[in-house]
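Derivation of every value follows stated rules applied to the coordinates shown; laboratory data play no part. All values reported here derive from a predicted model rather than from experimental measurement. Neighbour counts run over all protein chains shown; Cβ positions are idealised from the backbone, glycine included.
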Amino acid sequence: MDRSDDLDRKAAMEKRVAERLAARAAKEAAQAQQAEERTAADVTDPSTYMGPADTRSGQPAEGGVVGAGGRGKIDGLAKITGRAIFADDLKLPRMAHAKVLRSPHPHARIVSIDTHEALAMEGVLAVVVGTDLPTRHGAIPVVMDETALALDKVRYIGEPVACVCATSEELAWLACQRINVVYELLPPVLTIEDALDADKPAIHEWRRKGGNVLRKVDQSYGDVDAALAGSDLVLEESYEYPASTHVPLEAHCAVAAPSDEGRLTVWSSTQNPHYMHRTLTRVLGMEQASIRLIKPDVGAGYGGKCDTFCSDILSAHLARLLGRPVKMAMEREEVFYAHRGRHRTRMWLKMGMNKDGRITAIDFKAWADGGAYSSYGVVTSYYLGVFMPLPYRLDNYRFESTRLYTNHPPAGPKRGHGAIQPRFALEVHLDRMARALGLEPADVRANNLFPPDSITVNGLRITSMGLPDCLAQVREASGYDEKVGLQDSGPFKRGIGLAASAYMCGALHPIYQTDTPHSGIQLKIDRSGRVTAFTGTADCGQGSNHMVACVVAERLGIQPEMITVIEADSDLCPVDLGSYSSRVTFMAGNAALHAAETMRSRLVTAVADKFGVQPEDVLCCDGQYSAGDQALKWTDVIELAESRFGTLGATGSYRPPKIGSRFRRQSVGPSPAYSFTAQVAEVTVDEETGIVTVHDIWAAHDLGRVLHPEIAMGQIEGCVYMGVGEAMLEEQRYRDGVMTTPSILEYRIPTVYDTPEIHAILVESHDPEGPFGAKECGEGPQLSTVPAIANAIFHASGIWLTHPPFTPEKVLRALRQRDLQRAREAT
Amino acid sequence: MLPLPSFSLLAPDRLDDVLAPLGQPGVRLLAGGTDLLPSMKHRLFKPATLLSLSRVPELARIEPTEDGGLRIGAMATLLGVRQDARVRAGWPALASACATVATRTIQAMGTLGGNVMLDTRCLYYNQPAGWRASIGGCLKAEGSVCHVAPRGTGCYAAQSSDTVPSLMLYEAELELLSRRGSRRLALSELFSADGRDGPRIERDELLRAVILPPPGAVVLHRKVRPRGAIDYGMLLVAVRRQGDGGSAVISALGPAPVSVRVEQLGDLAQAAWKASNPLSTHSWSSTWRKHMVRIEVARAVAELTTPRLAIAHG
Amino acid sequence: MPDEIVLKTTINGESARLLVPANRSLLDMLREDLGLTGSKHGCDVGDCGACTVLLDGQPRLSCITLAAEADGRAVRTIEGMAEGGLLHPIQEALHRHVGAQCGYCTPGIVMALAPLVDDPDQAVDDETLREVLGANICRCTGYTRILSAAREVLAGGDRQRGRAAGAREPSDGGTA
């Protein structure tokens, strides 16, 4: 390199350094002021804030990594070259294969299981039935109602009944067909009405009380009845949200292999390895330390891989039993039975509004068809109600939600868990009331918002709040304000609709009681300069590996590609609770930041001492530590620090803040922060056919801080896509307990043709506790998609749809009713 | 992995070697495999022998006939047919019908012959084996009751070939070949009234080619499906203008396509609607599918009678 | 015993002679017999496109293709796409646009899109691009980033492998 280049480079570098320092100073000043204001706000309600979190988000980003994009993600290359190893790609010497036989009946007693014929087949190694693994387990420890295989009774069509392990997958599959099960049929419970009927048979007859009600939650805040009575307008409506399912392209799969000293290694396509680790320990009766649980690359989950499935337990059990590796891969059809998807939910909503658009009160009831087992159903019952007071100011709120058992495959956590259904009802309801009062719905939303640093009527603590910006940006980008004034004539009606939403960034409380951190990270640095981050997080495609690398790289002043992320291996990585409740960026990001801070302070101390400057004067970026004229490159920094401190390692952890609540029973719902979304949908309704086309969706999401723009936008796009599927096409349909949609052909997830143009807009609100201010962006953006489409259909055609998916038949029916109504009004 | 049932495989490269085993018990022809192999994975068929046609080059040829028509070999792929300049110019509705089959990748695998001979389809039939067991079997596969019409005796599985409606209106013929010789059959004669019965040709006959008469017919093809790709049609409509009148073929509603002909084109939509009787062989409502018959035919007629568009399609 | 067949084929440029059961799908031959696990089981019945490979240069759903079809033909899989350490342009663009989230559908998508890019004489309009992508289900991305990556490559004119700007070695390593 010639000298002039060198000088240019140096000048550019100095300029950048100066800019960074100025930016840092400005940001620090702003943050100090914010912190002061926040303390003042906290003092106003001391009962709800009991101490700071393990967060260090006050740090400015100066390394140039946070927010930088255009170069992919650290594990992207493995995925585009086919080198990523998913569980089904694992092949071990002498590996055997397991398959299960599933129930053909929704509700039946198992009289006998004859396995002789299957066992006699050459190549069949073992047959397992329910009584071999009788220990009950459950996603939420307070309700353990599930076994690996049905014990004495089957409770849904598709429930695993018996398992064959054989030398090949094909043989195991064939041998399953040779198992003879005799059933005594029981009357099934297939509707919400029947599940509420105490005279119907109890699906879990061993439960002492409750019949088919898994959990009923009711909470009341303020004086709902009085507020409704005093409202200018009260609207009451019923809604029904269908069952839908995740359809990750990778079917669930687990491989287990015995290893030294009686230990077992299990590779599972899971989102929640830590909870699975505990469940396997329980069901197999092993020491937790005797199981090594590894999550390989996972072909997505969206909530569908949060539970422990028969494939996990059976592969582990058989590997132990046979002393050889065992794989169990589900078929696509089986994934539909494993389900744990969206609860079919019937809702009733009554809301009051004053002439100025102020929401006075909400009274809400929900009944959810949870299927045969509880999964995360206890949490669902809360999530159906607790987020309703977000993001609109509301002083009077009452909800009652009931999560029921039926003889359908178990519902569970699907993206936007429990919050999707009520958000649909609320956002449609709000539009309807605003229009009835002659108000612009978008303005009504904007005028009802909580300011930052607020506490909702049910005690949720809002910190950062970027929804005003989201609303303004989607209105601007979509041309909402102009288009909302247009009306088409002729059969093709164009319409535009808006909705807003809020979601959590992780749960304050894990599923089991503990004071241990929710997330842990361990860092080590090789003398080559390569940093390894060990994390318990479970990347399922959302980009959490890159998130960890990004946060660490930012603080250490290197690039993310310099970081190797080792994730979700219980022998190597500290515990993280898993990829659920949109907790990973917030919690693991903070743990990563904590670890990186600790590491950085050692490196900076060593460098500062060598330079003879204060540690805070050392600037770390672009793989160089510098102060004034002095600079050290990254590997020299490592050598210096390692010489001084010895081996370089650091840990970091995150525990959410201890936010108390004025309300008892308020342990499910509170989160350290909330994300916010506003969306606009533009549609055409063909009034002759009832076919609705969604053309464009603009989604502005307050994610606190952009860590990586393409990954963040990808999450928003994926959410909107899944929302469009639920709005237009997807429904888990049943006939007499038989799911008629157990394939990608019949369960219609959108193809590229069915996907609108999605315009993701990133809005930053700099959360005071998020890592570099970041919040979630992988679930929340789905919440407002369905209501935005429903509101756009109203704008186009003047029909309110209360029951997604918005199929042509439903649209036509509503149009006919509209025409009848109009005719009646005309006469 | 969903295993295929065991079978022995024959993949001759000469036509004579195809004809020899054809008609023997347990022998089934394999063309593109895009419908047969999934059905075999679902245990709808367990042939002892699969007789693959993929290695007989002459079966894939597209060539003009002496009278100015076109002879499309049964193994010509749907993608090949829709991209063929002669097809696009002379029989554009066939090209656009091919373009609506499932996906482009399926079109590159599936063949015109396979599409014409497509097995009838039903929500209760095209399902995995274990699923069918949970409903006590389907009449067309292994059961004794039809779940679409439990009180009836017939099978209502729907003829769902995308290419058949337009081919019928182009008055296509099938060239059938067996050791006994060759014969021609009007495509409209192929279909059975019961969804179980399959195409009305002899067991030892091979569909060798589809013969299109010389161009001139003005035909439009329309497909109604839930998604823009992948899905089979839940309603297929082809409309042909003939002077002041016209005809339509309505398909995917029952075991055989329904033809209607009217003297005044304006009456076609109503006539087609009256002639259609969809049953719940599809997960979307049959009431709506019937409603759509009228609209789709009317829209096709409107398109055919709009001069600008007629040129574009003619 | 199921019938077995012998087949001679070329896989990613290397010739192979195999003995497989007649009912073996091409996908299972690749995955089980050859250890080429980049092609995925998504639905196993031809609905999703995750198993797409090239057979004589044409995209093909390997889960509903008999292994026997590969006899005498050339198979190309995702493992054969990055040649000589250089990514295929569509891979490079997908990486940069973060067109892969979970990555399970990605090999199939690369195989479906690659032939569009590889024929530099063929002008590919947006409708064709959507049509090709219509054969592949992606459940993560909403297709947005896949489309933007493909549009960029197809509009680039120079569809040559290892284009100067973004070509990268297929390793995860980077520099600080």
What value, in deg cm²/dmol to 500, does the helix sum -39500 (n - 2.57) over DSSP H runs of n ≥ 4 give at 222 nm once divided by the residues of chain A? -9500 deg cm²/dmol
Less than 16 Å apart at the alpha-carbon level, and either on another chain or at least 8 residues along: which lysines does that give for residue A:633? A:10, A:610
Obtain the nm distance between the two label points defined at residue B:17 and residue B:83 by a simple spin-label model: each point lies 7 Å from its Cα along the Cα-to-C-beta direction. 2.8 nm
Please work out the ratio of the alpha-carbon Rg of region B:1-50 to 2.2 N^0.38 Å and round it to two decimals. 1.16
What is the magnitude of the charge dipole of the protein assembly as shown about its Cα centre, with +1 placed on the Cβ of each Lys and Arg, -1 on the Cβ of each Asp and Glu, and no other charges, expressed in debye to the nearest 20? 1980 debye
Which order, highest average first, do A:524-531, A:151-158 follow once you tally other Cβ atoms within 10 Å for each residue and take the mean per peptide? A:151-158, A:524-531
Could you tell me how far the Cα centroid of region A:565-594 sits from the Cα centroid of region B:121-149, in Å? 47 Å
Find the centroid of the Cα atoms in region B:73-117 and in region B:280-303, then give the distance between the two in whole Å. 23 Å
Taking 0.36 nm per residue of separation between residue A:735 and residue A:92 and subtracting their Cα-Cα distance, the length gained on full extension comes to 227.3 nm
Antiparallel %, DSSP beta bridges [both residues in chain C], to 5: 90 percent
Compute the relative contact order of region B:218-312 as a whole-number percentage, counting only Cα pairs closer than 8 Å that sit 6 or more residues apart in sequence. 24 percent
Assigning unit charges at the beta carbon (Lys, Arg +1; Asp, Glu -1) and nothing else, what dipole magnitude in debye, to the nearest 20, does region B:218-312 show about its Cα centre? 220 debye
Order these by the 10 Å Cβ neighbour count, fewest first: C:75, A:143, A:763. A:143, A:763, C:75
Dipole size in debye (nearest 20) for chain C around its Cα centre, Lys and Arg Cβ +1, Asp and Glu Cβ -1? 380 debye
Rounded to 0.05, the calculated FRET efficiency for the beta carbons of residue C:56 and residue C:4 at R₀ = 25 Å is 0.55
Candidate lysines - alpha carbon under 22 Å from residue A:73, same-chain residues fewer than 8 apart omitted: A:295, A:524, A:775, C:40
Select from A:129, A:796, A:416 the residue farthest towards the positive end of the dipole of chain A; place +1 on Cβ of Lys and Arg, -1 on Cβ of Asp and Glu, and compute about the Cα centre. A:129
Order of A:518, A:759 - criterion: other Cβ atoms within 10 Å of each residue's Cβ, fewest first: A:759, A:518
For residue A:153, list the lysines whose Cα falls under 17 Å from its own Cα; do not include residues on the same chain fewer than 8 positions away. A:200
Could you tell me which residue out of A:63, A:550, A:96 lies farthest along the dipole of chain A toward its positive end? Charges go on the beta carbon: Lys and Arg +1, Asp and Glu -1, centred on the Cα centre. A:96
Find the Cα radius of gyration of chain B, compare it with 2.2 N^0.38 Å by division, and give the number to two decimals. 0.98
Could you sort out which of A:305/A:365; A:350/A:810; A:99/B:41 sit more than 25 Å apart by Cα distance in this structure? A:305/A:365
Once you sort the root eigenvalues of the Cα gyration tensor of chain A as a ≥ b ≥ c, which label holds: rounded (a/c under 1.5), prolate (a/b larger than b/c) or oblate (the other case)? oblate
Chain B, helix-only ellipticity at 222 nm - DSSP H runs n ≥ 4, -39,500 (n - 2.57), divided by all residues, nearest 500: -7500 deg cm²/dmol
Within a 10 angstrom radius of each residue's Cβ in A:550-558, how many Cβ atoms of other chains show up on average? Whole number is fine. 1
Quick one: B:91, A:367, fewest Cβ neighbours within 10 Å first, how do they rank? A:367, B:91
Using the alpha-carbon centroid of each, what span in Å lies between region A:678-711 and region B:201-228? 39 Å
Other chains near A:66-79: what is the mean number of their Cβ atoms within 10 Å of each residue's Cβ? 6
Below 8 Å, C-alpha to C-alpha, sequence gap of six or more: please give me the relative contact order for chain A in percent. 16 percent
So how much slack lies between residue A:229 and residue A:753, counting 0.36 nm per residue of separation and subtracting their Cα-Cα distance, in nm? 183.8 nm
Provide a whole-number value for the mean count of partner chain Cβ atoms within 10 Å of the Cβ atoms in peptide C:90-97. 5
